[in-house]
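Novice: After the structure tokens below, expect a handful of questions from me.
Every number in this text was worked out from the coordinates using simple rules, so none of it is lab data. This structure is a prediction, so every number in the text was calculated from the model and none was measured. Neighbour counts run over all protein chains shown; Cβ positions are idealised from the backbone, glycine included.
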Amino acid sequence: MADGSASVMDYEEHEKTYRNFINFSKVAVLAVLTFVLVIAMIGFGEVAGTVWASITTVATVIAVGIGLATGDKGYVAPGIVFLFACVVTIALTI
């Protein structure tokens, strides 16, 4: 490196990697928050909570796959599942 033979940085590839990392971070945070709600469903919802938790878990796994494959707007599918999980958790705890 000191002899001047350093390679030139590929900024386009760097930006692509950064966008993918940010997308993964958004999707992962939404998935973790949804799984926290799944735990609350199981804890407070008795049998109905367990059924809804199972449905939400499957939906979250599918949404994460869609989100990671979609690109920059990949947080939309996990976000919809997260909002669904919020509504179900509130309904189960009332």
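Novice: Would you kindly derive the ³J(HN,Hα) couplings of region 38-53 from the backbone phi angles with the Karplus curve 6.51 cos²θ - 1.76 cosθ + 1.60 (θ = phi - 60°), listing them in order in whole Hz, with x for Gly and Pro?
Specialist: 4, 4, 5, 4, 5, x, 10, x, 6, 5, 4, x, 5, 5, 5, 5
Novice: Ordered by residue, what ³J(HN,Hα) values in Hz, to whole numbers, does region 61-70 give under the Karplus form 6.51 cos²θ - 1.76 cosθ + 1.60, where θ = phi - 60° and Gly and Pro are x?
Specialist: 4, 5, 5, 5, x, 5, x, 6, 7, 6
Novice: Treating only the Cβ atoms of Lys and Arg (+1) and Asp and Glu (-1) as charged, compute the dipole magnitude of the chain about its Cα centre; round to the nearest 20 debye.
Specialist: Dipole magnitude for the chain comes out near 400 debye.
Novice: Further question: Report the rotationally averaged projected area of region 33-93 based on its alpha-carbon convex hull, in square nanometres.
Specialist: Values: hull surface 13.7 nm².
Result: a mean projected hull area of 3.4 nm².
Novice: A follow-up question, please. Restricting to Cα pairs below 8 Å that are 6+ residues apart, what does the relative contact order work out to for the chain? Please round to a whole percent.
Specialist: RCO, the chain: 35 percent.
Novice: For region 1-74, report the translational diffusion coefficient in µm²/s to the nearest whole number, using Stokes-Einstein at 37 °C, 0.692 mPa s, and a Kirkwood Rh over Cα pairs.
Specialist: 222
Novice: With unit charges on the beta carbons (Lys and Arg positive, Asp and Glu negative) and the dipole taken about the Cα centre of the chain, which residue among Thr50, Val29, Val81 sits farthest to the positive side?
Specialist: Towards the positive end, the residue furthest out is Thr50.
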